[in-house]
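> Below you'll find the structure I mean.
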Amino acid sequence: MSARLLLLLFCGALTACSSFDARWRAAKDRTAAYGPTLWDGRWTSAKHRTLGGAPEGGRLRCVLSSINNAEYASGSPELRADFHANWLLFSSGYTMSLMPVKGAPTEFRGTHELPAVFGGTYRYTARITGERFTARYDSSYDHGTFDLTRVRP
């Protein structure tokens, strides 16, 4: 039974990776202000440590695109963020919406739901400027930061 579960998890991880990779390749307009744009960097846990005492973390990539063309009071559109994160030997992908913060054109907020065993609701506050995408995340399981740089063609 456990071998089937491991196989299912492995296949799911491959599907998430290939789906993200397809979106990454399809991102054509890398110069538009809000997407799709490509970002590459790292996530770092402020709570969990490696055996050597360093903060846990890993590579993080993102395809960022506008969900709609409407701009909110902040002057920014709602964004779709497709993430692909690596940690240890594993990787995972997920998608979330980032809502603009009123009166702050580079500030965004979002949430992502995971099962309670993995922390439940993750909350994000992000700042996106021309070349940098930084964010803080928080859940009952973990909290930390994202630090990404825009990928240019």
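> So how strong a dipole does the stretch 53-153 carry about its Cα centre when Lys and Arg Cβ are +1 and Asp and Glu Cβ are -1, to the nearest 20 debye?
On the way: 11 positive and 10 negative charges, 50 e Å.
It works out to roughly 240 debye.
> Amide H neighbours of GLY120 under 5 Å, counting only residues 5+ apart in sequence or on other chains, H built in-plane at 1.01 Å?
Hits under the 5 Å cutoff: LEU114.
> Which whole-Hz ³J(HN,Hα) couplings does the stretch 121-126 yield from phi under the Karplus relation 6.51 cos²θ - 1.76 cosθ + 1.60, θ = phi - 60°, glycine and proline marked x?
7, 9, 10, 10, 10, 10
> Provide the per-residue ³J(HN,Hα) series for the stretch 130-139, in order, calculated from phi with Karplus coefficients 6.51, -1.76, 1.60 and θ = phi - 60°, each as a whole number of Hz, with x at glycine and proline positions.
Per-residue couplings from phi come out as x, 10, 10, 10, 10, 8, 10, 10, 8, 8 Hz.
> Run the 1.4 Å probe and let me know the accessible area of HIS48, rounded to the nearest 10 Å².
40
> Within the set of other residues whose C-beta is less than 10 Å from the C-beta of LYS47, count the net charge using Lys and Arg as +1 and Asp and Glu as -1. List each step's numbers first, then the result.
On the way: positive: ARG49; negative: GLU56, ASP138, ASP142.
Its environment carries a net charge of -2.
> Still on this structure, I have one more. Once phi is turned into θ = phi - 60°, what whole-Hz ³J(HN,Hα) does the Karplus curve with 6.51, -1.76 and 1.60 give for every residue of the stretch 44-51, x standing for Gly and Pro?
Whole-Hz 3J(HN,Hα) from phi for the stretch 44-51: 9, 7, 8, 10, 9, 10, 6, 4.
> Using amide H atoms built in the peptide plane, which far-off residues or other-chain residues are under 5 Å from GLY58 H to H?
TRP43
> Averaged across orientations, what area in nm² does the convex hull of the alpha carbons in the stretch 53-153 project? Don't jump to the answer; show the numbers that get you there.
Numbers: hull surface 30.3 nm².
Mean orientational projected area (the stretch 53-153, Cα hull): 7.6 nm².
The values are calculated or read from the model by the stated rules, or taken from the named source; none is laboratory data. As the structure is a prediction and not an experimental result, all values here were calculated from the model. Methodologically, a virtual Cβ is constructed for each residue, glycine included, from the backbone with ideal geometry; neighbour enumeration extends over all protein chains shown. Calculation scope for accessible area: heavy atoms of the full protein, side chains included, ligands and nucleic acids excluded. Shrake-Rupley method; radii C 1.70, N 1.55, O 1.52, S 1.80 Å.
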